[in-house]
Amino acid sequence: MIDSGILVMDKPQGFTSFDVIGKLRGILKMRKLGHTGTLDPMATGVLPVLIGTAARACDILPDSDKAYEAGFQLGTVTDTQDITGRVTETGPFSVTEEAISAVLPSFTGRISQIPPMYSAVQIGGKRLYELARAGKEIERPARTVQVDAIRLLRYDPESGSGVLAVSCGKGTYIRTLIHDIGQRLLCGACMTSLIRTAACGFSLTDAHSFEEVQLAAENGSLPSLVIPTDRLFAGLPALRLSAAQSRLYANGVRLELSRLCVSADADRFRVYADDGRFFGLAQADAASGLLRVYKNL
């Protein structure tokens, strides 16, 4: 029985993130599972699943960059901004590889995006995709998102198809990014495929298929696939407590910062007991000089 940890899944196409959770509940015979971020049904790739007590980390996950490989088709616009939608516009294209590469820098950094109608964004208490399915389109406020890098991996000028590599922050819609690039190129574009290659510090090399998980569950090797929960917070400094401090901290007692070896530049830490057990996260309060429990996992 696994009490806690992370199982990185390679999400298959056609599954929602909730579908993945549902299928894993059947394989693992566990109810307490959570995921670290929604992937569209057409997308594949990295989906970290939080098992057992690790599911408590859902609301305190650090904002980590995600990476994608996204296929695109020039000359085609759809109502969903991807190939699964209804085609609303087609047109000729005569775009070189150099022309695409030239516009990509303007889509990096802090950029503005209007969420697509076929998305889970809520406006006025309604999900946009619910309104879209009812044939309604409403004005959506633009949102600022972070795109760290875009590069053209492959492109065929004859077919107008290609693949982009994108590294971005939370809340970025890759299909909207491709749609907007198509508008800038004056020919339109839609997304044809999407692979998430990295999320929460994990990559495709960490990911497993349903078949691999099922086999591991049957032969007793499942623990070898599960990653310790503290890997989610590898970017935070670690703090190891003494035996006495561990007992106090476990009971919610605040500890004096002056008695701890903590970095003066940090205000949040990964906390470990004297026996190496991962407690969770702690918050330092410089004003009071105390370290308190932020969230135990």
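Taken together, the values in this text are just the output of simple stated rules run on the coordinates, not laboratory data. Since the model is a prediction, treat every value here as computed from it, not as a measurement. Every residue, glycine as well, gets a Cβ built from its backbone with ideal geometry; the counts of neighbours run over all protein chains shown.
Among 87-100, 14-27, how do they line up by average Cβ neighbours within 10 Å per residue, starting with the highest?
Result, highest mean Cβ count within 10 Å first: 14-27, 87-100.
When the dipole is taken about the Cα centre of the range 236-296, and only Lys, Arg (+1) and Asp, Glu (-1) are charged at their Cβ, what size is it in debye, to the nearest 20?
Dipole of the range 236-296, to the nearest 20 debye: 180 debye.
Would you compute, from DSSP H runs of 4+ residues alone, the mean residue ellipticity of the chain at 222 nm, taking -39500 (n - 2.57) per run and dividing by the full residue count, rounded to the nearest 500?
-5000 deg cm²/dmol
Would you grab the residues whose amide H sits under 5 Å from the one on Leu194? Only those 5+ places off in sequence or on another chain, please, with H modelled 1.01 Å from N.
Correct list: Thr44, Gly71.
Arrange the peptides 72-82, 158-168 so that the one whose residues have, on average, the most other Cβ atoms within 10 Å appears first.
Averaged packing, sorted descending, gives the order 72-82, 158-168.
Counting only DSSP beta bridges with both residues in the chain, tell me the antiparallel percent, nearest 5.
Of the beta bridges lying entirely in the chain, close to 90 percent run antiparallel.
Of Pro62, Pro115, Phe210, which is farthest towards the positive pole of the chain's charge dipole, taken about the Cα centre with +1 and -1 on the beta-carbons of Lys, Arg and Asp, Glu respectively?
Pro62
Lysine pairs in the chain 8 or more apart or on different chains: how many have alpha carbons under 25 angstrom apart?
15
Can you tell me the dipole magnitude for the chain around its Cα centre, using point charges on the Cβ only (Lys, Arg +1; Asp, Glu -1), in Debye to the nearest 20?
1120
Starting at the first residue of the range 289-296, write each ³J(HN,Hα) from the Karplus equation 6.51 cos²θ - 1.76 cosθ + 1.60 with θ = phi - 60°, in whole Hz, x for Gly and Pro.
x, 10, 10, 10, 5, 8, 7, 8
List, in order, the whole-Hz ³J(HN,Hα) value for each residue of the range 49-56 obtained from phi through the Karplus relation with A = 6.51, B = -1.76, C = 1.60 and θ = phi - 60°; use x for Gly and Pro.
Computed from phi, the couplings for the range 49-56 are 10, 8, 9, x, 5, 5, 4, 5 Hz.
For Ser288, Ser224, what's the fewest-to-most ordering of other Cβ within 10 Å of each Cβ?
Listed from fewest to most nearby Cβ atoms, that is Ser224, Ser288.
Considering only DSSP states other than H, G, I, E and B, which trypsin sites (Lys or Arg not before Pro) in the range 214-297 qualify as loop sites with at most 12 other Cβ atoms within 10 Å?
Arg277
What Kirkwood radius, in Å to one decimal, follows from the Cα pairs of the chain?
Evaluated on the chain, it is 21.5 Å.
What's the exposure ranking of Ser106, Ser4, going from fewest to most Cβ atoms within 10 Å?
Ranked by crowding around the Cβ, least crowded first: Ser106, Ser4.
Considering the dipole of the chain built from charges on the beta carbon (Lys and Arg +1, Asp and Glu -1) around the Cα centre, which of Thr229, Gly201, Phe15 is farthest to its positive end?
Positive-most Cα among the choices belongs to Thr229.
Once the mean 1/r over all distinct Cα pairs of the range 236-296 is inverted, what Kirkwood radius in angstroms do you read off?
Computed over Cα pairs of the range 236-296, the Kirkwood hydrodynamic radius comes out at 11.2 Å.
List the residue ranges in the chain for DSSP H helices whose C-alpha atoms run 20 angstrom or more along the long axis and whose Kyte-Doolittle average is 0.5 or above.
For the chain, where a helix must reach 20 Å along its axis and average at least 0.5, there are no hits.
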